[in-house]
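The values are calculated or read from the model by the stated rules, or taken from the named source; none is laboratory data. All values derive from a computational prediction rather than experimental measurement. Note that we place each Cβ from the backbone using ideal geometry, even for glycine, and neighbour counts take in every protein chain shown.
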Amino acid sequence: MSASAGLRVVVTGAGGFVGRALCESLVKSDHRVTPVVRNGVGLPGEVVAGDISPATDWRAVLSGCDGVVHLAARVHGVSARDAGDLPVYRRINTEATLSLARQAAQAGVKRFVFVSTVKVNGEGSAQPYRETDAPAPEDVYAISKWEAEQGLHRISRETGLETVVLRPPLVYGPGVRANFLQLMRAIERGWPLPLDAIRNRRSLLYLGNLTDALRVCLAHPDAAGRTFLLDDGGPVSTPQLVRALAQAMGRPARLFSVPPWMLQATGRLLGRTAELNRLMGSLYVDSAAIRSQLGWRPPCSMDVGLAATVAASA
């Protein structure tokens with residue numbers, strides 16, 4: 001594939017947080033995009049596929065397609081911690097993914113880019129994760145994604161379909177929700193945050209940086225068959241993130257110190273251990289591989305990404 005040539009690209013999950021931004025980025029790069037959505041959202045040329053499954057027939061969508069970016073998934077949530085839900089996650093995140101890949105190979109698609117998760121590496125470590133680390137997925141979401149990765153590599157060996165796997169950490173940007181949005185609201189409302197004593201390292205990835213990496217992975221000849229970790233350019237601690245967000249919002253960072261052991265004890269009492277672990281624990285990556293092998297650099301710094309995120313939420 002030539003990076004300069006306009007490709008016909010199918011994007012699944014195109015109606016989501018990442019999907020909308022990716023479609024916009026690819027169109028700006030002169031690619032022809034077929035957005036596949038669960039329900040109609042008004043994207044130009046969208047294909048409404050409903051709930052995808054291993055039985056979904058992709059032939060019409062894939063005809064004449066050069067590449068696929070597969071974003072559609074059952075996302076992680078509370079139920080992802082329940083091992084009894086693995087069949088549900090596996091059906092969508094593993095089996096439906098592999099069915100799409102097989103049909104893509106049969107249709108003559110050259111490249112299949114799969115957005116997995118850093119949670120395949122694990123839930124956190126004092127050392128940075130690398131692509132060469134032994135996978136250690138813990139919840140059913142991460143397990144289903146890891147099984148999909150393995151299946152994609154088998155399909156690639158059997159058919160010649162070029163597969164690329166990206167494992168992003170927490171992604172933020174315009175339209176972000178969940179815990180990141182809650183943190184922004186707490187800062188906006190001026191709530192005192194007892195996080196100043198936390199000394200952790202966490203990787204973040206701005207939405208615009210992720211879409212740029214996906215665009216590169218669709219066409220770069222050296223991306224085929226590879227798995228990449230990526231981030232904004234280095235980890236930050238939770239207090240550093242709060243201060244950077246507060247600066248972008250023009251608000252004071254009302255941080256104060258509470259001993260980490262006390263925060264952990266409070267989290268257990270309130271049943272909020274998982275949330276506290278995300279705020280206090282370290283989970284960061286070494287993104288040297290994608291930088292050295294593809295020459296990719298995040299086009300936006302974290303400060304630029306946070307400013308864009310804040311501006312969109314105003």
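Taking Ser292, is it without any contact (Cβ under 8 Å) to a residue 12 or more places away in the chain and either within 24 Å of the chain's Cα centre (by Cα) or assigned by TED's automatic domain parsing to the domain that holds Phe112 (or both)?
yes
From the list Leu210, Leu166, Leu214, pick out the single residue that is under 19 Å from Cys300 (Cβ atoms), outside any helix (DSSP H, G or I) and at pLDDT 95 or above.
From the options Leu210, Leu166, Leu214, the qualifying one is Leu166.
Go through region 227-274 and give me each residue that's closer than 15 Å to Ala186 by Cα and in contact with a helix residue (DSSP H, G or I) (Cβ under 7 Å, 6 or more places away or on another chain).
Correct list: Thr238, Val242, Ala244, Leu245, Ala246, Ala248, Met249, Arg251, Pro252, Ala253, Leu255.
Would you confirm whether any residue within region 264-271 is outside any helix (DSSP H, G or I) and either surrounded by fewer than 20 Cβ atoms within 10 Å (Cβ to Cβ) or modelled with pLDDT under 95 (or both)?
yes
Which numbered condition in (1) under 22 Å from the mean Cα position of the chain (by Cα); (2) loosely packed, with under 14 Cβ neighbours inside 10 Å; (3) not hydroxyl-bearing (Ser, Thr, Tyr) is the only one that Val68 fails?
Looking at each condition in turn, Val68 falls short on (2).
Only one of Asp303, Asp231 is within 21 Å of Leu207 (Cβ to Cβ), touching a residue at least 24 places away in the same chain (Cβ under 8 Å) and not in a helix (DSSP H, G or I). Can you tell me which?
Exactly one of Asp303, Asp231 is within 21 Å of Leu207 (Cβ to Cβ), touching a residue at least 24 places away in the same chain (Cβ under 8 Å) and not in a helix (DSSP H, G or I), namely Asp231.
Residue-wise test of (1) in contact with a helix residue (DSSP H, G or I) (Cβ under 9 Å, 6 or more places away or on another chain); (2) over 30 Å from Tyr129 (Cβ atoms); (3) surrounded by 24 or more Cβ atoms within 10 Å (Cβ to Cβ); (4) not assigned by TED's automatic domain parsing to the domain that holds Phe228.
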position	(1), (2), (3), (4)
Ala14	yes, no, yes, no
Val18	yes, no, no, no
Thr34	yes, yes, no, no
Leu62	yes, yes, no, no
Leu86	yes, no, no, no
Leu100	yes, no, yes, no
Phe112	yes, no, yes, no
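Testing Gly173 on (1) surrounded by 20 or more Cβ atoms within 10 Å (Cβ to Cβ); (2) at negative phi; (3) within 14 Å of the chain's Cα centre (by Cα), one condition comes back false. Which one is that?
Checking Gly173 against (1) surrounded by 20 or more Cβ atoms within 10 Å (Cβ to Cβ); (2) at negative phi; (3) within 14 Å of the chain's Cα centre (by Cα), the one that fails is (2).
Determine whether Arg254 is at pLDDT 95 or above, among the charged types (D, E, K, R) and touching a Pro at 6+ places or on another chain (Cβ under 6 Å).
yes
Quick check on my filter: what residues within region 19-48 are under 22 Å from the mean Cα position of the chain (by Cα) and more than 23 Å from Cys217 (Cβ to Cβ)?
Within region 19-48, Arg38, Asn39, Val41 meet the criteria.
What's the number of the only condition in (1) assigned to a helix (DSSP H, G or I); (2) in the same structural domain as Arg215 (by TED's automatic domain parsing); (3) under 18 Å from the mean Cα position of the chain (by Cα) that Arg297 fails to meet?
Single failed check for Arg297: (1).
Regarding region 114-121, can at least one residue be identified that is modelled with pLDDT under 95 and more than 30 Å from Val61 (Cβ to Cβ)?
no
Look at region 25-53 and say how many of its residues are without any contact (Cβ under 8 Å) to a residue 60 or more places away in the chain and outside any loop (DSSP other than H, G, I, E, B).
Residues in region 25-53 being without any contact (Cβ under 8 Å) to a residue 60 or more places away in the chain and outside any loop (DSSP other than H, G, I, E, B): 10 in total.
For region 138-156, indicate whether the set of residues that are assigned to a loop (DSSP other than H, G, I, E, B) and either at pLDDT 95 or above or closer than 28 Å to Arg20 by Cα (or both) is non-empty.
Within region 138-156, one or more residues are assigned to a loop (DSSP other than H, G, I, E, B) and either at pLDDT 95 or above or closer than 28 Å to Arg20 by Cα (or both).
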